Structure formats: C-alpha cells, structure tokens
1. Out of A:V255, A:T132, B:L171, whose Cα points farthest toward the positive end of the dipole of the protein assembly as shown (charges: +1 Lys, Arg; -1 Asp, Glu; placed on Cβ)?
2. Got a sec? Charge dipole of region B:5-159, +1 on Cβ for Lys and Arg, -1 for Asp and Glu; which of B:G102, B:I150, B:L135 is way out at the positive end?
3. Give me the number: length gained by fully extending A:S164 to A:Q76, i.e. 0.36 nm times residue separation minus the C-alpha to C-alpha distance, one decimal in nm.
4. Residue by residue through region B:402-418, which ³J(HN,Hα) values in whole Hz follow from phi under the Karplus form 6.51 cos²θ - 1.76 cosθ + 1.60 (θ = phi - 60°), with glycine and proline marked x?
5. Against the longest principal axis of chain A, how steep is helix A:246-266, in degrees 0 to 90 to the nearest 10, with axes from Cα atoms?
6. Each label point is 7 Å from the Cα along the Cα-to-Cβ direction; what then is the distance between the points at B:K142 and A:R365, in nm?
7. If amide hydrogens are placed 1.01 Å from N in the peptide plane, which non-local residues have theirs closer than 5 Å to the one on B:F271?
8. Whole-Hz ³J(HN,Hα) for each residue in region B:262-267, computed from phi via Karplus 6.51 cos²θ - 1.76 cosθ + 1.60 with θ = phi - 60°, x for glycine and proline: what do you get?
Amino acid sequence: MLVIQNLNYSSHATIFFQRFSVIFTDILFIYAVRECCRCVNGKRAGKDIMEKPTFILAALLLWNFGLLIVDHIHFQYNGFLFGLMLLSIARLCQKRYLEGALLFAVLLHFKHIYVYVAPAYGIYLLRSYCFTANNADGSVKWRSFSFLHVTLMGLTVCLVSALSLGPFVVLGQLPQVISRLFPFKRGLCHAYWAPNFWALYNAVDKALTVVGLKYNFLDPTKIPKASMTGGLVQEFQHTVLPSVTPLATLICTLVSILPSVFCLWFKPQGPRGFLQCVVLCALSSFMFGWHVHEKAILLAILPLSLLSVQRAKDAGIYLILTTTGHFSLFPLLFTLPELPIKILLMLLFTIYSFSSLKSLFRRERPLLNWLETIYLVQLVPLEIFCEIIFPLTPWKLTLPFVPLLLTSVYCALGITYAWLKLYVSVLTEPIPVRQKAE
Amino acid sequence: MEKWSLMTITVLLGLTVRWTVSLGSYSGAGKPPMYGDYEAQRHWQEVTYNLPIRQWYFNTSDNNLLYWGLDYPPLTAYHSFLCAYVAKLINPDWIALHTSQGYESQPHKLFMRATVFVADLLVYIPAVILYCCCLKETSTKKKVSSALCILLYPGLILIDHGHFQYNSVSLGFALWAILCLSYDWDLLGSMAFCLALNYKQMELYHSLPFFCYLLGKCFKKGLKGKGLILLIKIAGTVVVSFAVCWLPFCTDVEQIMQVLRRLFPIDRGLFEDKVANIWCSLSVLIKIKSIVSPQTQLKLSCAVTFLSLLPTCVKLTLEPSLRGFKFALVSCALSFFLFSFQVHEKSILLVSVPVCLIINEIPFMATWFLLVSTFSMLPLLLKDGLLLAYTVTSLAFLSACVTSFSIFEKTSAEDLQLKSFSLSLKGYVSWFKSFPKIVKRLFLLSVTVMGILTLLSATMNPPERLPDLFPLAVSIISCLHFLFFLMYFNIVILWDSKSSKSQKKMS
C-alpha cells in the first residue's frame, strides 16, 4: 500500500484503513466542539436540552453536512484540521492566548489554506495579548505593550515553523516546497468554479461573449477555443472583460480583508469581534482568492456556527451561507449511488438548522425576509433540473457543463449576498461601552 | 422544535441509514451457480414479465422451479411484475428470459436497491409515522423517540436493504391493519391484513391474534345483534380481498392447488440451516430429523405450537383490548417462530415488528428483544458480508434507545408491566425486592455474551471438527433468550387485567 509506484492502489482493506483514519482523527474535532460549546454562554437556556444553544451548536458542528461529505465521502482530513482551528478559537476565547497561538501555528503548517484567517489571529493576539490594557473608551493603551508576551509568542511560532520546515531548509528545498504550496500556474478558477466573485465575473464574460457574437460586435476568429469549464485546470483568457492576474486577486483579497481587520483593531469586542473577523477574512478570501476550491467555504461556515447560536442577526446570515455553501458542494459527489445520500444528508442538516435556530430565536423577528426565503427555496428546482431533468435532455452531450455553471453562479449570488450582509452588520455595529478596562 | 420538523428529521435519518446500508453487499453477490435472494427477486421479475400468468407457479421448460421458483403468494408476483416493467424501460437485458440468469452489475444493483427503498418509503415508513403520531397519552418527545427507535431497528434494515428482501411491504401492510383496528375501522384493517397475507404467507404468524381480536369484539357486541352483522361484514371483506388477489388464478382448481403447494412446502423438513428455534437447538441433543418421520414432525410441531398459543388466544377472545392485541401479536408470532414447521431465521422479523410497536410501553424489554433478534441473524449477515453494517446499526440502535427512553431506569416490576404478577407471588418469593437489579445484570450479561460471540465468529476460524460451532452457538443462545421472552410476554398477557389498570389509575 505504501509503495510509491503503486498509484491508484485500492482494496477493501485500504479503503477501510483510510476511512477509519479519518474517523479516528475526528476525535480531536469532537473534543474541540466540546471546548467551543463551553465558551458559548447558556443564558438563553430553555428547560429542554434540545433547545439549549450549546446543544444546537454541537449538533450544527458535528452534523455539518459539508464536513461530513468532504471528509467521509469525498475523503480529506478536514475534520482534524478544523478541530485544531476550533480548539485554538476556544483557547483564545478562554484567554489562554499562548496555547491558541501554538495550535494555530501547528494548523498553518498542516494546511496553508488557513493563512487566509491569519490576519484575524495576528491582530487579535497583538491587541489583546501583547497590549495588556485598554483605555476606558476601548482604544489601545500604547504604554501597556508587553515585551515578554511578544517574545513568548514569537518563540512559539518560530519553534513550530522550525520543526515543520527545518528539514527542508537543511536540504535546500524550500523554494520547491513553496512553489508546490502556492500554485499560481493553475488558473483563476478550479475546474468547477467555486461560487465566488470570479464565478460571477466569468459568467458575465461568457454572457457578453454570446451576446457579442450574436450581434456581431466580436470577431469569432479572435475568440480562444478553450472552454473555461472544459474540465481542465489551466489558465484561460477572458474574451470581453480584462483577464485577471494573480496579483489582481491578491490585491482584491487584501483590500476586502482590510476593513474587517481595522474593525477588529479599533472596535475591540473580545472573542465575538475576533470570530466575526475570522469569518470575514475567510469569506473575503473565498470571494476573491486565486484558484479557490469550493471546499474552502467550510472555513467560513464552521466559525460562523459559533456566532449563529448567539444572535438572531448572525443566525439569519448563517442560514443563507450554509444552505448555499453546502449546495455548492453537491458536484463533489457526482455518482448515482451517492445522489440519495447527499440529498438526504443535506435535507437533514438544513431542516435541523432551520428549525432549531428558529425555535432558539422564536421571540425575535423572523430570521429571513421574503426575498431570502424565495432565493433559498429556488435551490430545490435548480437541483431537480441539474440532476434529473438535464441528463434527459439532448443538451447533455453538447453542453455537459451547464448544470455546474448554473449551480456555481446561483450559489455565488447567495454567498456574495451573505458576505455583504455580514460585512455591513459588522461595520455598522455600534461600539459597545466597555464596563471596565482589562 | 416543532413536532413536524422532529418527525421529518427522524424519517430522514431512517432513510439515510437505509440507503447507506444498501450501498453494501447483498446475498449471494458473485456466488454462482445459485446466488442468493437478490438473484431470486431478479429471477421472479424475469419470469413474471416474460411468461403468461398460467405458468408462473408451474414447472415448464421456461420456468425451472428448482432455480428460485416463485414460492410467495400472488401479490409478491404482481410486485415483481411491476418492477420488471420499470426494469424493461431502463435496460431490457436485466429481465431477458434465460440469458439474464445471474445478471449482476452496478446499475442493476442500484435499480434493485431503489425498488426496495421505494417500497419501504411508500408502505412501511408512513405506517410507522402514523402509528407513532397516534399513540395515546404520550408526549411529543415520546412519540418522536418511538418513531426513531422503530425506524432504526437494525434487523429489518439489514435484511431488506442489505441481504435483499421486501419484508417491509408485508410488515407495512400488517402495520396498516393494526393502525386501522386501533381506530375501529375493522373492515379496512382486515383488508390491509389480507394484503399482507397475500404478499408473504409468513404473515399467518399474525393471523390468530387478528382473528381472535375481531371475534372477541363481535362477541362483546352480542352475537345475536350487531356482533353478527360485524362478523359477516368482516368475513365478506376477507373473502372479497382474497378473491381479488387470486383472481387470475381462479380459472381452474389445479392452479390454486399448485400455488398452495408452492407456498407450503411440507416436504422441506422441520428446519433448514441454523435457526434460533426450539427444534434446531434440540437437535444438538436429539437428532429429531432422523429419528421421527416427516409426518410425525409436522404433527408434533403443530401440536406444540397450538398448545403454546392457546392461553394467549383464549384470553384475547374473552377480553379483547387493543393493548392485549399488540402483546398477543408478539407472543403468538414468537410461539410460531419457536415451535412451528419450516421456520427461517428471517421470520424473527415478524416478532420484532410487533415488539417495536410496544417499545414505548416496555422500553427495556423491547430494546433487549430487538437486539437479540438482530443478533440471531448474525450467521446470515456474516455470510452476506454485512458485518460492518450490523455492528454500526446495532450500536446506533442501542444508543438511540438508551438515550431516548433511558431504559436502565425503567427496570422495576411496574415498568416491566409485572406488577400484578409480582403481587400474586409476594407470599412465596422473597427475592422480588432486588428484581430491578437482577434484570439489569441479566441484560448486561446477555449483551456481553452477544458481543463476544459476534467478535469470535467474525474473527476466529472454528475448529475443524466443528465447522458450525459459532452459528450453532448463536442460535442456541438466541433460542434461550426467546424462550425467556415467550415466558415473559405470556405472563404479562395473562396477568393483565382490568382491575390492575384501575388500581394504577387510583394510585
């Protein structure tokens, strides 16, 4: 099994072993969820255990549809990694900063995608650990800077990095490692467009091309042949709109992350603000990042679950984001035997999240307005069209990627909307009056 | 959370488990020349689609009865016919006469699994949900947890969606019948039961309680007035529904006789394979099969079965009540399973489903029984390669029951419905005080034994001289359990009286 030449090796025992390794490493995830549940205050506690925020949070995290299918059906070790992330968040909420930083550093060296949320971690640690006190109005007290804390933190992070990258530095392979980690050669979008801003951009480009060809604004000979959804991971040219370079996406990402980070620095709200910033960082980089995978949406969904059980406003955003985000994961499982499973699990999770959050916030105004409800309900006909009706039509052979395109564009709308809504709610939030400086 | 969303989640959970189990292996996968029940069902589709009805049950050049000949009543045949029509639309190769024998492929497996899934979804699951919603004097939470436990019962899931059969159809019809009877719609109920009976003849295990309950009801109304009319109406309904089901076979007597001969194969012996009933267990000590002639075997088993049924049936006829009816269903089916002729290990499902229905009344005993019943089919499941599914679903079922009914706190004599029995024993037995503890220890002991035996039969090779050691051990242990349960259910039924209920209400 471990012989490297043995690519595509497969047997029942291997499958069993690999699957079991995922289940085994999920133990960490379960522990992390338990720690997170402790951080959530149980003020709203009902008499029934099913109605307690902690129970709902545990169910939302452990039964998370995306994590289930990506890890246990598609096969990845995200449960373990998200366990590390949630654990570090929980540690930060419990004010055990060094542990949190250590865990996050370890996490970064497991999978570098978590670099997207690093700004939130950096600023939060700097703000609440390196500066030990705040002024009465919440702004930072510059005098309280603690050298000891900074050194400790720096040491922790450097030690982890040294352990992880050390062997490769000694062998002189660092550039190769880095080029493997950041593959800018692989094109703006994945074979299946992740539902982000660039999916909308591509779709507009396509639409303009079609319209242009029809009314003879464009010269057909100049249009490159390669189809963007041709299933191959490669660079391609936009036809009408300007093509996007990696640098442009990087700048877009940074610009979109900045306001949330500023918010974290100037309007400190403790763990809550930190969580919001983590979610915003993850979402912004998902929106504008280079070669984003659709699975990266989990990076935003899981931390947002923590917020969703605490405030009705966040719960509404959570429902939109999870439903569309999870729906956009559907193309990961494309074989017929998996179809019932993904639909059943998705229904299970969606119905649970809607009804539990609704009962949790039953005294407040409805979580979703009519427009959002209509948008979410229309996912059902979309799924029916993509999975059942479309394969029966003659377009199946000529335009096989239409369902994927529809799914990603439709989901991109919802995710963009959720992102904007969350951003607006964070930016317009009034600065809380601090009772006392810590 | 509201009731409907909880119920929806329960149903979705049940469906997810069903479909996940169905991704696994099935009976006789890749085992020529006879394959297994999967091939049997496929073969019936082939036969019913390609041959005229007159030949379905007859041995002809196109229909070799020795190769999975039809041996279920007409409704099963019609169901196969219907499935065959759909199969024809998708891929005609699946049901081509002769050439399709032993056909196996991924798409075909998907199709077959989907037919079971749809049948389950249309017949069994709605009946369970309706039954749980209509439970009287119970909170929403209790209703939902009963539904959850019933839908997660591993035995039925493993046999239908793993091993491959359509038990959920006949059991579902029986459930519909029980549901109708509990609303006093006796005619609809008897019709539903006739459908069940015409789907699988094994439903005869349930027929005596139905008969006694309805007869008792007629007696109660007075046999000279309303009771007689009701009896005539019921009899009419039964005759008509049977006639409709058998209509195509009513052309001549030989057809009917041939179908009956196929349904009740008397020459197949007292038992086959390893079954957890009394005859198979006794054969370890006495080789009944070789000592006694088949005719005497038949008479012997009939006599014993009849004797064991008698008390329950008499009681039910004299005092027909819905609660007594459900318990009688359990105990009669269990008697049939233990003592009757030609029993299959899968027939334990006929006992399990009525037990599921009383899971909210005696959660502890019901959970125990349901676990044992699944365990008794272990050799079969091992043969089909369903060990993983068996382990996971059983553990899930156990934990669902433990959390939703907190069964370990409900082991007192009163919770086990043994109050009146213990009262009548009080003078003679002094150990009754520690009763809950003893019961709990017994339960833990039995679960441990089952766990160890599962582990042994899954990992160890049996000694060469005794190749059937583990299956035999499984069936003997299950048989002992079933005898104990038979005793328990009979005690509950016989000592259940109106006076004890009124006492309960007083206190």
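1. After comparing all options, I get A:T132.
2. B:L135
3. 29.6 nm
4. Going residue by residue, I get 4, 6, 7, 10, 6, 5, 6, 8, 10, 10, 6, 4, 5, 5, 8, 6, 10 Hz, with x marking Gly and Pro.
5. 30
6. 4.2
7. Here B:Q342 satisfy the definition.
8. Each residue's phi maps through the Karplus curve to give 5, 6, 10, x, 5, 7 Hz.
The values are calculated or read from the model by the stated rules, or taken from the named source; none is laboratory data. For clarity, every value in this text was computed on a predicted model and none was experimentally measured. Every residue, glycine as well, gets a Cβ built from its backbone with ideal geometry; the counts of neighbours run over all protein chains shown. Accessible surface areas use protein heavy atoms only, side chains included; no ligands, DNA or RNA. Shrake-Rupley method; radii C 1.70, N 1.55, O 1.52, S 1.80 Å.
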